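The values are calculated or read from the model by the stated rules, or taken from the named source; none is laboratory data. All figures in this text were calculated on a predicted structure; none of them were measured in a lab. Cβ sites come from the backbone with ideal geometry, for glycine too, and all protein chains shown count toward neighbours. Protein only, heavy atoms only, side chains kept; ligands, DNA and RNA dropped before computing areas. Shrake-Rupley method; radii C 1.70, N 1.55, O 1.52, S 1.80 Å.
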Amino acid sequence: MKLAIIGAGKVGGALGTAWARKAGHEVFFGVRDPTSEKTQSLLRALGGKARAGSPAEAAAFADIIVLSTPWPATEAAIRSMGSLKGKIILDATNPLAMGPDGLGLEIGHSISGGEKVQGWAAGASVYKTLNTTGFGGMAEPIFNGVKSVMFVAGDDDARKPKVIDLVGQLGFDAVDAGPLRAARLLEAHAMLWIHLALVRGLGRDWAFALVRR
Ligand SMILES: NC(=O)c1ccc[n+]([C@@H]2O[C@H](COP(=O)([O-])OP(=O)(O)OC[C@H]3O[C@@H](n4cnc5c(N)ncnc54)[C@H](OP(=O)(O)O)[C@@H]3O)[C@@H](O)[C@H]2O)c1
């Protein structure tokens, strides 16, 4: 599969590396400066299994686009890619902002980041996913033999199995959370991970799992 990963930071780097190495997908990182040492060392580590260019070049190459940009840069990054009609977008961002009580969600009750992304990417099928665990848990989603859970929320049910499969290839227990509106819940769920990790002292090396009877 041809994947564009917009933003090659902690999340983009972890996801691109995992998809290239574990599943053999062709990865194209869309970044502001493809020649930066950070991007070049990521490409070297992947030994020719990935390439880098502008976000627009990455989007033109791929059928599936993963957003892993800081929230304040996300709208501009999407708009810089031109028409995304017909593309599948996996939105791993969280609409974080500093507030009076510290880091929190900028929006959430009446609209989510995922729904905003859908508004900016007209004609694309947007799925909220890969936002509710740390980047280390994206690289290695299996903890002591237990798969961590990763929800997928999006309105295009026809293409959702493909997205669930792609998320599952990383090693997650990928679970359909319903329509894109459920991104409001998934972004709050991400905030719980951040709170437990950074405020409550759990650190980063853990994840949520879903148990069934
Ligand atoms: N860190 C986590 O554990 C985690 C977990 C779940 C979700 N998230 C979410 O994932 C997103 C990325 O987080 P991160 O920790 O990976 O951040 P990060 O390490 O700072 O990486 C962000 C990347 O986005 C790039 N970027 C910034 N503006 C851009 C633009 N206009 N076009 C293309 N690329 C651009 C940056 O490139 P430059 O080098 O050019 O600045 C950088 O490579 C955030 O929305 C975050 O909330 C993070």
Starting from the exponent 0.38 and prefactor 2.2 Å, build the expected Rg for the range 103-213 from its residue count and divide its actual Cα Rg by it.
1.07
Could you sort LEU210, LEU185 by their accessible area in this structure, using a 1.4 Å probe and putting the largest first?
LEU185, LEU210
If you place +1 on the Cβ of every Lys and Arg and -1 on the Cβ of every Asp and Glu, how big does the dipole about the Cα centre of the chain come out, in debye to the nearest 20?
380 debye
If one puts a single equal scatterer on every Cα of the range 1-62 and applies the Debye formula without solvent, what log₁₀ I(q)/I(0) results at q = 0.25, 0.26, 0.28 Å⁻¹?
-0.99, -1.07, -1.25
Any chance you could tell me what percent of the C-alpha pair distances in the range 164-208 go past 13 Å?
65 percent
Restrict the search to the range 1-98; then list the GluC sites (Glu not before Pro) that DSSP places in a loop and that have at most 13 other Cβ atoms within 10 Å of their Cβ.
none
Taking the Cα centre of the range 1-66 as origin and charging only Cβ (+1 Lys, Arg; -1 Asp, Glu), how large is the dipole, in debye to the nearest 20?
240 debye
Taking 0.36 nm per residue of separation between ALA97 and SER54 and subtracting their Cα-Cα distance, the length gained on full extension comes to 12.9 nm
Share of Cα-Cα pairs in the chain beyond 26 Å, whole percent, is 30 percent
Helical contribution to [θ] at 222 nm, DSSP H n ≥ 4, -39,500 (n - 2.57), averaged over the chain, rounded to 500
-9500 deg cm²/dmol
Run down the aspartates and glutamates and flag those whose C-alpha is under 20 Å from the C-alpha of LYS10, throwing out any fewer than 8 positions away in its chain.
GLU26, ASP33, GLU37, GLU75, ASP91, GLU140, GLU187, ASP205
Amide H partners (placed H, <5 Å) of MET150, local residues excluded:
ASP173, ALA174, VAL175
What are the radius of gyration and Dmax of the range 37-77, computed over its Cα atoms and given in Å?
11.6, 31
Once label points are set 7 Å from the Cα along Cα→Cβ at both LYS10 and GLU37, what is their separation, rounded to one decimal in nm?
2.1 nm
With a 1.4 Å probe and every protein chain left in place, work out the accessible area per residue of the range 67-126 in Å², rounded to a whole number.
46 Å²
Ellipsoid equivalent to the range 73-154 - semi-axes via the Cα gyration tensor, in Å:
24, 19, 11
With the charge dipole of the chain built from beta-carbon charges (+1 for Lys and Arg, -1 for Asp and Glu) about the Cα centre, the Cα from LEU103, MET150, MET191 projecting farthest to the positive end belongs to MET150
Normalised contact order of the range 21-103, rounded percent, pairs of Cα under 8 Å and 6 or more residues apart:
26 percent
Express the relative contact order of the chain as a whole percentage, based on alpha carbon pairs under 8 Å and six or more residues apart in sequence.
18 percent
In whole Å, what is the distance between the alpha-carbon centres of the range 62-103 and the range 108-178?
13 Å
Cα-based equivalent ellipsoid, the range 142-193: semi-axes from gyration tensor eigenvalues, Å
19, 16, 6
